[in-house]
Amino acid sequence: MGFSTECIHAGQEPEPVTGAVTYPIFQTSTYVQPELGRHKGYEYARTKNPTRGVLEAALAALERGKHGHCFASGMSAIDVVFRMLQSGDHVIAGENMYGGSYRLFSRVLEKFGLQFTYVDTSNVDAVRGALRDNTKIVYLETPTNPMMTITDIAACAEVAHAKGALVVVDNTFCSPYLQRPIELGADIVVHSTTKFLNGHSDSVGGAVISNSDEVAEKIGFLQNAVGAILSPFDSWLVLRGTKTLAVRMEQHDATGRAVAAFLEEHPKVRKLYYPGSLSHRQHELAKRQQKGFGGMVAFDVGSLENARTVLESVRLCTLAESLGGVETLISHPATMTHASVLPETRARLGITDGLVRISVGLEETEDIIADLDQALSKI
Ligand SMILES: Cc1ncc(COP(=O)(O)O)c(C=O)c1O
């Protein structure tokens, strides 16, 4: 079936008891057992919930994986992946990624004896060079937040697999509509469902999708053992969101390209970071690896003062953290999403005080551009 059809139907049979076409919210903490040791596959709602189960099956299908598990946030999904490891294991991670992921690795997981090496994963030789005998995971984010750097997933999977390491890809920025890492050789995909998958800025959640029964068994065990599960209501919201994923992503992509083209020509914009632009150093790789370029755009206006002017002058765009919703969100990575990254690292990566990030929403393209134009004119 085509992707749009799967968004609406994969894993989503009508509910068998009532025939409800929209799968219901099973708001229960437990399930009756007619006799000791006999039940209908559901014992306790941390372990299994039907609404969550339908979402997990749907997300697995969309990412071309076999198994899905949903969590209370993107961070709890990422955290659980690393709980498969043990003290002394080594991880290679991208030097530019969502600041919260870096915070989890450097300030939480390292305390438990996991070793992290941060490299520019867009350079496959750097990944190869960092591999050790105890490397268990190569963790990729592509495109990266916020610099929009692309990593060649297939090439990294080849070098990682040669050493027996798993490849984990955070696919939050693209969603499976634009990029399917498992088809490119990744072992595990993680998501902040908070973003494009839910798409409406009204739920926080996360997902882990894998193709291996062995990995899925470990993640399922940890989901129950640790307990950071996605609630039935949030599962239902994300299910509703994913039904329109294809049409939303098409529009995010179309408007994202138009906004990026406008920004690139604007005299107040010093530098644009958008993989769809011919000036992006990895445009060809992005074209090959992704179905489109999406709605995430970053641009540099040269100074904190200029960035502040833009961020405080917009009227339609909303100054807020997060991304992937129907409304255009604008943010300042250095003080918001990436405040937990060391200032010298931020400077090296290009996350300057003048960098502004936009999650292009689904408003009229002309309205978004007009708003940015009037805000930039105030510089
Ligand atoms: C790329 C990426 N991964 C993971 C996360 C964390 O997700 P959550 O906020 O749902 O915990 C975010 C949040 O912004 C993100 O941008």
Worksheet item: When only Cα pairs under 8 Å and 6 or more residues apart are kept, what is the percent relative contact order across the stretch 239-379?
Response: 28 percent
Fill in: Only Lys, Arg (+1) and Asp, Glu (-1) charged, at Cβ; the stretch 88-246 dipole about Cα centre in debye
340 debye
Worksheet item: When the chain is fully extended, how far beyond the present Cα-Cα distance does THR117 get from ASN224, taking 0.36 nm per residue of separation?
Response: 35.6 nm
Worksheet entry | Inter-label distance, nm, simple model (7 Å from Cα along the C-beta direction), GLU265/ARG46 | 5.7 nm
Discussion item. Cross-link candidates for LYS287: which aspartates and glutamates have Cα within less than 14 Å, leaving aside residues fewer than 8 places away along the same chain?
Written reply: ASP152, ASP253
Discussion item. Keeping every protein chain present and rolling a 1.4 Å probe, give me the accessible area per residue for the stretch 63-142 in Å².
Written reply: 39 Å²
Practice prompt. Output ³J(HN,Hα) for the stretch 119-130: one whole-Hz value per residue in order, computed from phi by the Karplus curve 6.51 cos²θ - 1.76 cosθ + 1.60 with θ = phi - 60°, and x for Gly and Pro.
Written response: 9, 7, 6, 6, 9, 4, 5, 5, 5, 4, x, 8
Worksheet item: Taking the Cα-to-Cβ direction at ALA320 and at GLN33 and moving 7 Å from each Cα, how far apart do the two end points lie in nm?
Response: 4.4 nm
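Going through the cross-link list LYS66/LYS163; LYS136/LYS218; LYS195/LYS291; LYS195/LYS243; LYS195/LYS218, which pairs have a Cα-Cα distance over 21 Å in this structure?
On the way: LYS66/LYS163 24 Å; LYS136/LYS218 15 Å; LYS195/LYS291 18 Å; LYS195/LYS243 14 Å; LYS195/LYS218 25 Å.
Result: LYS66/LYS163; LYS195/LYS218 exceed 21 Å.
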Worksheet entry | Most mobile of PRO24, PRO34, PRO14 in a GNM of the chain (Cα contacts under 10 Å) | PRO34
Worksheet entry | For a label point 7 Å along the Cα-to-beta-carbon line of GLU250, residues of the stretch 174-192 with backbone N under 15 Å | 177-178
Worksheet item: What is the log10 of I(q)/I(0) for the stretch 1-102, computed with the Debye formula using one identical point scatterer on each Cα and no solvent, at q = 0.14 Å⁻¹?
Response: -0.77
Worksheet item: Roughly how big is the chain's charge dipole about its Cα centre, with Cβ charges of +1 (Lys, Arg) and -1 (Asp, Glu), in debye to the nearest 20?
Response: 520 debye
Discussion item. Can you tell me which of VAL226, VAL54, VAL341 moves the most in a GNM of the chain? Springs connect C-alpha atoms under 10 Å apart.
Written reply: VAL226
Worksheet item: What net charge do the residues around ALA228 carry, taking every other residue with its C-beta under 11 Å from that of ALA228, with Lys and Arg at +1 and Asp and Glu at -1?
Response: +1
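Can you list the trypsin sites (Lys or Arg not before Pro) in the stretch 303-379 that are in a DSSP coil and have 14 or fewer other beta carbons within 10 angstrom?
ARG315, LYS378
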Worksheet entry | Neighbour-limited loop hits for trypsin sites (Lys or Arg not before Pro), the stretch 1-62 (at most 14 other Cβ within 10 Å; DSSP other than H, G, I, E, B) | LYS40
Fill in: Gyration tensor (alpha-carbon) shape descriptor, the chain, a/c threshold 1.5
oblate
Discussion item. Can you compute the label reach from GLN374? Point 7 Å from Cα along the Cβ direction, backbone N cut-off under 13 Å, restricted to the stretch 314-331.
Written reply: 314-317
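If the only charges are +1 at each Lys and Arg Cβ and -1 at each Asp and Glu Cβ, what is the size of the charge dipole of the stretch 1-156 around the Cα centre, to the nearest 20 debye?
About 440 debye.
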Practice prompt. Along Cα→Cβ, 7 Å out, is where each label goes; now give me the distance between the ones at SER303 and PHE233 in nm to one decimal.
Written response: 4.7 nm
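The values are calculated or read from the model by the stated rules, or taken from the named source; none is laboratory data. Because the structure is a prediction, the values reported are computed rather than measured. Because the Cβ atoms are built from the backbone with ideal geometry, glycine has one as well, and the counts that use them run over all protein chains shown. Calculation scope for accessible area: heavy atoms of the full protein, side chains included, ligands and nucleic acids excluded. Shrake-Rupley method; radii C 1.70, N 1.55, O 1.52, S 1.80 Å.
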